[in-house]
Structures are given as structure tokens and as C-alpha cells.
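The values are calculated or read from the model by the stated rules, or taken from the named source; none is laboratory data. The structure displayed is predicted, hence computed values, not measured ones. Every residue, glycine as well, gets a Cβ built from its backbone with ideal geometry; the counts of neighbours run over all protein chains shown. Note: accessible area is taken over every heavy atom of the protein model, side chains too, but ligands, DNA and RNA are not part of it. Shrake-Rupley method; radii C 1.70, N 1.55, O 1.52, S 1.80 Å.
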Amino acid sequence: MTSSDQRAYVYLQLPQSLEVVTAGFYKLDFPQGVPTGSFVYNPAYLQRADAVPLEPYELPLAPRRMRTVKLKGIFGALRDASPDAWGRRIIEKHTGRTDLTEVDYLLHSPEDRAGALSFGRDKVPPAPVRRFNQVIQLPALLAAAEQFLEDEAAGKTGVPEQMLELLQPGSSMGGARPKNVVEDGEGLWLAKFPDRGDKWNNARVEGAMLALAQECGLRVARHRIETVAGKDVLLVQRFDRTLTADGYYLRHRMVSGLTALGAEDSHGDRGKWSYLLLADELRRRSARSAQDLEELFRRMVFNALISNTDDHPRNHALIATTDKWELSPAYDLTPNPLTSAEKRDLAMTCGTFNRYANRANLVSQHGQFKLSLEHATAIVDQLQQVVASRWHATLRQQGATLADCDKLAGAFNYPGFELDPAVVLAGQ
């Protein structure tokens, strides 16, 4: 595909409105073989009194062309609206191509993408699509996802149109797990299906961790479990959508923690994966920074207490339901029963001793979260008490088997949480 094809108009559904406007124009070029993206706001959009930036720092409202070479030439706010790993697999199999660019993924993705952005070839936004798979279709959706995985494993190419219509390669905040967006009278839900590589009943376990986090005082995404053909499916309500009384959806801008940090997925950018740096971003971005800073601290501690080592920046997000930004509800909370009893690391830096999931390390930079040492310590004590006393009962209440509880027991309150990090690291 030539560079002249690598362009797209960027549409935005305005805050608290059903109006979709052309916000700007994105183009991907390859000078000297380096993917380089450029974006310019639509002059007519800049003149609107209700214009808001797609992202306030990388893409501020300004009458100039902005460029990036990060993320293969795509701006973070646009990449967050692109299909996740599961959606990309479906698009690649449907098109029979593995050389797709970011523009290709943007244009092939339907309108259940995350956030308030959409993309197209025409300067005028197309009429909105308001058709979604229904919760009642979960059996057919699960069967389609399982068939897709079987065909993929067998090396079969192509996706039948009927299956593609069911699968809808949309977007969510990260992950390769089979999923779909479904609708009921309460709104839109992300349905997360079982995967053949699961070591336990993931729907029951992840649902239990969301419930346990809520008991710990965290703000979490609303969720429920549906049993379909004898298999459990976790439904997580879309917090980037609000259902109106007329049956339409307000779409809310959303950016991942990765975008807020100005980081990439690559291992070389791992130094920017940091709760401490994300706290800095909340201070300058959030309209409720004091509450969000404490909330972020609580999530960091909770992740350490359940050994959630998948707490990477894409599993954190900021959302703007109006023209103001704030931390989104928590999602994707999964325990990992690692074998190490002395030292476990989170995916992001959480204190003076880097990523060590340890009490002393978690409170070592309490000032970054605008918390006193006493307050930070009290939060750790409270969460530890709830997790220690409630993890097993919560798993059982959410339908997890005793066998799965036994598999997961090592994830909670591991011994290294209370050790002296200086001593542990000196012995390595």
C-alpha cells in the first residue's frame, strides 16, 4: 500500500452530545523507511466554542501540524481507539494480510471502538451505526469466537462474512482474550470469553477480583457473569459510553495510561512505566486530582496484594465524560500465583525500590500521591486486612471452585510483601 493511501479523517463525538464532527486529518508517511505520523486539526473545528483536544498534551488545540514517530507513527490517542490484539487478529485473518499499517487497522475497525473517536476516508462523518450484538446472542458469539480460534490453530485463512459480522473486531483497552461488545437494556458491555489457555475459570476469578477491589474501596467497572452453554462469560460495562433515555449513546474521550505517560509498548520504554509518573500526569490532567491520586495509590497496593503482574499502562486509563478528565474505573484485575516467596514485581515502578511489590516500597514515595506516610500506611493496612480475610470467600461467592481457589492461594499476601526490600535486593 502506498503512502498516499495512509490517511484518514478523524471524527469526534462531542462531549455530552450526539453530534459527530470532523476534528482533523491524520496521515502516515515513511521518510527513509521510518513510520511518521502527522495530524492537523480541522480549521472549522478549531473555531467551535465547544472544541476539545483529542488529547491535551500530545494533540493540543492548535492550528499547526503535529508529528510523531512513536508507536510506529501513530499518536497515542489514536492508537487507543485502534483494535486490540484480538481485534487485530480478526482483521488480519479477514483481509489475509499481516502487513497492515495503523491506518489500515483504524479504518477496518467498527464503531464499538474505545473512546469517542472514529475514522474514515471522507471529510464528512458517516451516519452513526447504532446496531450492536445483543446479550441474548452470547451463545452464537461464543461459538463464533471458538470457531475462529480453531480455524486459526489449524492455519485456515479468511473469516466467513457471517462469522465476521458476529465477531466484530472492535477495540477495548488491551488484551488478546476473545471478546465482543454486547448490548442490553442497561447499555454496552464488553463480553470476555474463555480462552483455551486459561489455567482457571477466568470469568469467575476476574469477576471476584473486581468485587474484592470494590470491598477495598476502589472504584471499579460494573460487571456480571453470564453462563453460556455451560461456560462462564464475564461482562464488564463500558464506562466510555452512557446510554441516553432515547436509546442513543454518549461517547466519552478516553486515553490509556500508556498515552498519558508518553510511553510505548516496547521493552526499551519500560522505564516510563511508572505509578509515580502516572501520578504526576494525574496532577496535571485530572479535574479531581486529589481523589484520583489516592485512588491510584489504592490500585497500586491492591495489585501488589493480589500479585497482579499484568498492571501495565494500558490497563489504566483516563476518561472525559465532559470537557474534564479523570481516572477511569479500575478494570483487568487478575491474580498471578507466582512461585517466588520473597520478591514479586508489578509491571510498573511503584516506589524507591523500582517495581518490587512490597509494603515498604509502596509507601516509600507516598508524597507522589499527596498522602502522608501515616495515611499511606493506613491504606496499606486496610487493604491488606480485607484481601487477607476476604479473598477466598469472595472467590467462592463469585462461583470459583475450591480447586481454582487452591491454585490461586499463593497470589495473596505473599511473604515478601513484609520483608525489608534493602535486605532482599542485597541478597540477589
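Estimated at 0.36 nm per residue, the fully extended path between Ala388 and Ser266 surpasses their Cα-Cα distance by 40.5 nm. With R₀ set to 30 Å, the beta-carbon distance separating Ala245 from Glu19 gives a calculated FRET efficiency near 0.95.
Label separation (Lys72 vs Glu186): 3.6 nm, computed from points 7 Å beyond Cα along the C-beta direction. Provide the net charge surrounding Thr242, with neighbours chosen by a C-beta distance below 14 Å and charges set as Lys +1, Arg +1, Asp -1, Glu -1. In short, +1. Straight-line cross-link partners of Lys343 among the aspartates and glutamates, defined as a Cα under 14 Å from its Cα and at least 8 positions apart when in the same chain: Glu418, Asp420.
Normalising the Debye intensity of segment 191-288 to I(0), with uniform scatterers on Cα atoms only, and taking log10 at q = 0.17, 0.24 Å⁻¹ returns -1.10, -1.15.
How many percent of the accessible area of the chain is carbon or sulfur, using a 1.4 Å probe?
The C+S portion of the solvent-accessible surface of the chain is 52 percent.
At an R0 of 35 angstrom, the distance between the Cβ atoms of Ala287 and Ala154 translates into a FRET efficiency of 0.10. Measuring only protein heavy atoms, the 1.4 Å probe finds Leu425 accessible over about 60 Å². Net charge in the neighbourhood of Trp273 (other residues with Cβ under 13 Å of its Cβ; Lys, Arg +1, Asp, Glu -1) is -3. Annotation for Thr98 and Leu373: the two label points, set 7 Å from Cα along the Cα-Cβ direction, are 5.5 nm apart.
Among Pro43, Pro313, Ala191, whose Cα projects farthest towards the positive end of the dipole of the chain, with charges put on the beta-carbon of Lys, Arg (+1) and Asp, Glu (-1)? It is Pro43.
Here the convex hull built on the C-alpha positions of segment 7-120 has a volume of 101 cubic angstrom per residue.
Probing with 1.4 Å while keeping every protein chain in the model, the per residue accessible area of the chain equals 41 Å². For a paramagnetic label modelled at 7 Å from the Cα of Glu215 toward its Cβ, which residues of segment 362-395 fall within the zone defined by backbone nitrogen distances under 18 Å? Counting backbone N atoms under 18 Å from the label point, the list is 379-395. Can you compute the helix-only [θ] at 222 nm over the chain? Use -39500 (n - 2.57) per DSSP H run of at least 4 residues, normalise by all residues, nearest 500 deg cm²/dmol. So the helix-based figure for the chain works out to -9500 deg cm²/dmol.
Apply the Kirkwood formula to segment 252-427: the hydrodynamic radius equals the inverse of the mean of 1/r over all pairs of different alpha-carbon atoms; give it in Å with one decimal. Walk me through the numbers before you get to the answer.
Numbers: mean 1/r = 0.0598 Å⁻¹.
So the Kirkwood estimate lands at 16.7 Å.
In the chain, taking the dipole from charged Cβ atoms about the Cα centre, the farthest positive-side position among Asn180, Val363, Ile225 is held by Val363.
Averaged over residues, the count of other Cβ atoms within 10 Å places the peptides 91-101, 363-373 in the sequence 363-373, 91-101, highest first. Sparsely packed loop sites in segment 107-161 (the chymotrypsin sites (Phe, Trp or Tyr not before Pro) outside DSSP H, G, I, E and B with at most 14 other Cβ atoms within 10 Å) do not occur.
Match the structure shown to one of the listed values (i) 1.10; (ii) 1.00; (iii) 0.96 of Rg/Rh (Cα atoms, Kirkwood Rh), computed from it, and give that label. Recomputing Rg/Rh (Cα atoms, Kirkwood Rh) here picks out (iii). Using the Cβ-Cβ distance between Asp29 and Asp323 with R0 set to 22 Å, the FRET efficiency from 1/(1 + (r/R0)^6) comes to roughly 0.10. Since only Tyr57, Gly73, Pro31 are under comparison, the one whose Cα sits farthest along the positive direction of the charge dipole of segment 7-120, derived from C-beta charges on Lys, Arg, Asp and Glu, is Pro31. Charges were assigned to the Cβ only: +1 to each Lys and Arg, -1 to each Asp and Glu. The resulting dipole of the chain about its Cα centre is roughly 660 debye. For the pair Ala127 and Arg224, label points projected 7 Å from Cα toward Cβ lie 3.2 nm apart.
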